[in-house]
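No value in this document is a laboratory result; all are computed from the given coordinates. All of these numbers come straight from a predicted model, not from anything done at the bench. Cβ placement follows ideal geometry from the backbone for every residue including glycine, while neighbour counts extend to all protein chains displayed.
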Amino acid sequence: MSSQNADALAQGLKPRHVRMLSIAGVIGAGLFVGSGHAIAEAGPAVLLAYIAAGTLVVLIMRMLAEMAVASPDSGSFSTYADKSLGRWAGFTIGWLYWWFWVLVIPLEANAAGTILHGWFPQVDVWEYTLAITLFLTVSNLFSVKNYGEFEFWFALLKVVAIVAFLIVGSLAIFGMLPGSSTQGISHLYDTHGFMPNGIGAVLAAILTTMFSFMGTEIVTIAAAESREPKKQITQATNSVIWRIALFYLLSIFIVIALVPWNTPSLMKAGSYQTAMEMMNIPYARQIVDVVVLIAVCSCLNSALYTASRMLYSLSRRQDAPASASKTTRSGTPWVAVIASTAAAFLAVFANYLAPAAVFEFLLASSGAIALLVYLVIAASHLVLRKKREARGELLSYRMWLFPGLTWATIVFIVGVLISMLFMPAHRSEIIATGLLTLAVLITSRIVHRKRALREREALVVVRS
């Protein structure tokens, strides 16, 4: 596989690719299955958790878009952290983000393999997992256009599925769905009230829901490989409010209106399947399985893409091995793609070979990375906006109510991180992520010191 000297990424993503990625990139298995856990945790008041988490994502995306429109980059927030907070920040958040998506790859592949094994049990789960991962890896190796095309159709199918659910669910609420055993909105309050488990349960659910939004920022990474990145980023960010309102808030509203929050199957089967079964939709489980399979393949595809682009960006900034910036003639960072997939397989081997506690720590280590990414985006925006204003730059896309809203976002994220320490269910995540972050920070210090020393020695040689 030959590489080009420029090691530059191709601008192979079409506007429809980026547009559909921005619309449905945030829709993962967490919406179809994971939301059932949040509903069981907080009851109907889970809507407040989704509103809080959704508002945070909207604000973060607005800040990120302001920086991305001014300077599109495949490294996105990692590059902006580098420019605003220092090399240590770009290095640390870039590697943490890469690690997050590397862990997503085997988890999503295993989820897809489990679904397929349920349909065709004669093939083992690990064989499906391996086949799906290798197929999408090879696809990502050929061209970014392949990633865009796969993601376009994955996203389109997810959108069609959710819109169909919204229509059928709305008909059931208004009593217009023949055969449905549930209707109306009384379940919003008739089972121990709207907030049955108190405000503490809502705060805990915010954490559950917040991680389901992870991936919204991918569009700013992908747009750098389109011909009109600034236009694509602007359009994607402008649509994020209605996307969250439509796909998350409205669909969750329909579920909790039609299904009592303490229904046991919410935890086992997931929110969509439970709601569809109560509406007496034929083959509800099979339909949801197909949709979830599409969602996890989409997430796996995006994880491969995102991890490789972040590794490529780190390499270009000399914060990762130089070989990771090598690209094919079609502009694909093939070394970064293979390295990211290889790291994902090592995580799988750790699951089989190492003690269970080791893999549990690896999973927990990514638990708070989403919040750290959001925190770094907000802090970077605060610094870069002030620098640009001091230079008299005119920004074509701006964050609202700066700097007040940016500071409020930072305070909220720090508050959530601190609260995780006092929640038994999340304490291990914050500790594991903290230890991983400390290790990456120390590595950053060592790497940058060695590089500075080499540069000084080279300068002395040149002068002598």
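For the range 280-345, rounded, prolate or oblate, judged on the Cα gyration tensor with a ≥ b ≥ c (square roots of eigenvalues), a/c < 1.5 rounded, else prolate if a/b > b/c?
prolate
Mean residue ellipticity at 222 nm from the helices of the chain, using -39,500 (n - 2.57) per DSSP H segment of n ≥ 4 over the full residue count, to the nearest 500 deg cm²/dmol? Present the calculation step by step, with values, prior to reporting the outcome.
Values: 20 runs with 329 residues, N = 464.
About -23500 deg cm²/dmol.
So what are the radius of gyration and Dmax for the Cα set of the range 392-464, in Å?
For the range 392-464, the Cα radius of gyration and maximum Cα-Cα distance read 20.9, 61 Å.
Checking a compactness column here: for the range 67-137, what do you get for Rg(Cα) / (2.2 N^0.38 Å), N being the number of residues?
Its radius of gyration relative to the 2.2 N^0.38 Å reference: 1.62.
Note down the relative contact order for the range 77-207 as a percent, whole number, built from C-alpha pairs under 8 angstrom at least six residues apart. Walk me through the numbers on the way to the answer.
On the way: 61 pairs, mean separation 12.0, N = 131.
Once divided by the residue count of the range 77-207, the mean separation gives 9 percent.
Report the per residue volume, in Å³, of the convex hull enclosing the C-alpha atoms of the range 111-250.
Convex hull of Cα atoms, per residue: 188 Å³.
Suppose we keep just the alpha-carbon trace of the range 44-186; what are its Rg and Dmax in angstrom?
My reading of the Cα-based Rg and Dmax gives 21.0, 61 Å.
Angle, helix 87-119 long axis vs. longest principal axis of the chain, Cα atoms, 0 to 90°, nearest 10?
That helix lies at roughly 40 degrees to the long axis.
Ranking Glu217, Glu457 by Cβ neighbours within 10 Å, fewest first, what do you get?
On the way: Glu217 25, Glu457 10.
Result, fewest neighbours first: Glu457, Glu217.
At a threshold of 8 angstrom on Cα-Cα distance, excluding pairs fewer than six apart, so keeping six or more, what relative contact order does the chain reach in percent?
After rounding, I find 32 percent.
Please report Thr332, Thr55, Thr182, Thr237 as a ranked list, fewest other C-beta atoms within 10 angstrom at the top and most at the bottom. Can you show the working numbers first?
Details: Thr332 27, Thr55 14, Thr182 20, Thr237 23.
Least crowded to most crowded, the residues run Thr55, Thr182, Thr237, Thr332.
Can you give me the P(r) profile for the range 1-124? Cα pairs, bins 5 angstrom wide beginning at 0, each as a whole percent.
Histogram of Cα-Cα distances, whole percents per bin: 2, 7, 9, 14, 17, 18, 14, 9, 5, 2, 1, 0.
Within the chain, how many Lys pairs sit with Cα atoms under 21 Å apart, leaving out pairs fewer than 8 places apart on the same chain?
14
If you look at just the Cα atoms of the range 185-262, how large are its Rg and its Dmax in Å?
Rg, Dmax (Cα atoms, Å): 17.3, 54.
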